Each structure stands twice: as C-alpha cells, then as structure tokens.
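> Questions regarding the structure given below will be posed in turn.
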Amino acid sequence: MAIELTEKAAEEIRSIIGRQNRDVDKVYLRVAVKGGGCSGFQYAMDLTDTKGEFDEQTVSCGIRIISDPKSLLFLDGTTIDFKDELMGRSFVFQNPNATRSCGCGSSFSV
C-alpha cells in the first residue's frame with residue numbers, strides 16, 4: 001500500500017488527534033474512496049480506533065494509515081498534503097490514478 005502524508009498533513013492530523021484527547025499510537029487514519037462527488041468518486045478520511053479484518057496498513061510520518069482493498073485500487077501512490085491558505089484550510093490529495101479532479105479537490109474520476 002502506498003499512501004503517503006506530507007509532514008504538514010501529518011502535523012495537522014496529530015493536532016486533530018490531540019484536540020480529540022486521543023492517543024496517536026492507538027488511532028488509525030482511515031483513507032477511503034466513496035462513490036459520489038462532482039467527478040464520480042470522492043475521498044473520505046476518518047480517525048478510528050479499530051482496524052478491519054481486510055484493511056491494509058502503512059505508516060507515514062508516524063501516522064498509522066488504513067484502507068480497504070477496494071479503495072486502495074484508486075489510492076495507490078497518493079500523497080496527502082495539507083494547505084492553510086486565505087481561501088481555507090483543507091487536505092489535498094495528489095492522486096496519480098485520477099484522470100480528472102474537481103475544482104474543490106475532494107472528488108475525482110479515473
């Protein structure tokens with residue numbers, strides 16, 4: 001599985017975990033792909049304490065990342081960054097499998 005975080009994204013995730021009074025060593029970042037969005041698929045991220053039986057795991061910048069096998073078909077090679085700009089704060093997916101992304105960056109097509 002190849003999902004990577006930039007250090008900036010990892011810092012933001014650690015900050016969110018801290019604000020939720022959770023332990024970074026006991027939490028997984030679930031990254032998934034769901035149908036929908038303006039381009040056909042949308043990204044989903046969630047913090048969870050449990051890893052599913054078929055979830056695959058990797059560690060990037062000290063953050064444990066899990067994904068289900070179907071999502072990994074679309075996410076392999078993806079880098080997740082975090083942008084804090086005048087127009088807002090958001091996670092940004094750099095997905096080499098996407099043939100097109102929407103303007104908001106939260107959905108894509110393959």
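Nothing in this text is a laboratory measurement; each read-out follows from the coordinates by a stated rule. Every value quoted in this text rests on a predicted model; they were computed, and no experiment measured them. Cβ coordinates were reconstructed from backbone atoms using ideal geometry, including for glycine residues, and neighbour counts include every protein chain displayed.
> Cut-off is 10 Å between beta-carbons; in what order do 60, 67, 90, 15 appear when sorted fewest neighbours first?
15, 90, 60, 67
> Also, quick follow-up: What's the local net charge at residue 10, with K and R +1, D and E -1, over the other residues with C-beta under 13 Å away?
Numbers: positive: 8, 14, 64; negative: 4, 7, 11, 12, 81.
Net of charged neighbours comes to -2.
> Additional query: So how do 45, 87 line up by other beta-carbon neighbours within 10 Å, fewest first?
Working: 45 15, 87 6.
With the sparsest Cβ surroundings first, the list reads 87, 45.
> Multiplying the sequence separation of residue 79 and residue 53 by 0.36 nm and subtracting their Cα-Cα distance, what value in nm do you get?
On the way: separation 26, 0.36 × 26 = 9.36 nm, distance 2.43 nm.
6.9 nm is the gain from fully extending residue 79 to residue 53.
> Same structure again: Would you compute, for the Cα atoms of the chain, the largest minus smallest coordinate along each principal axis and list the three values in descending order, in whole Å?
39, 36, 20
> Treat each spin label as a single point 7 Å out from the Cα along the C-beta direction, and report the residue 61 to residue 99 distance in nm.
It works out to 3.1 nm between the two label points.
> Right, another one. Please compute the length gained on full extension between residue 11 and residue 44, using 0.36 nm multiplied by the number of residues separating them and subtracting their Cα-Cα distance.
The residue 11-residue 44 span can extend by a further 10.0 nm.
> While we're here: In whole percent, what relative contact order does region 3-104 give with Cα contacts below 8 Å and a gap of six or more residues? Walk me through the intermediate numbers first.
Numbers: 162 pairs, mean separation 31.2, N = 102.
Once normalised by length, the contact order is 31 percent.
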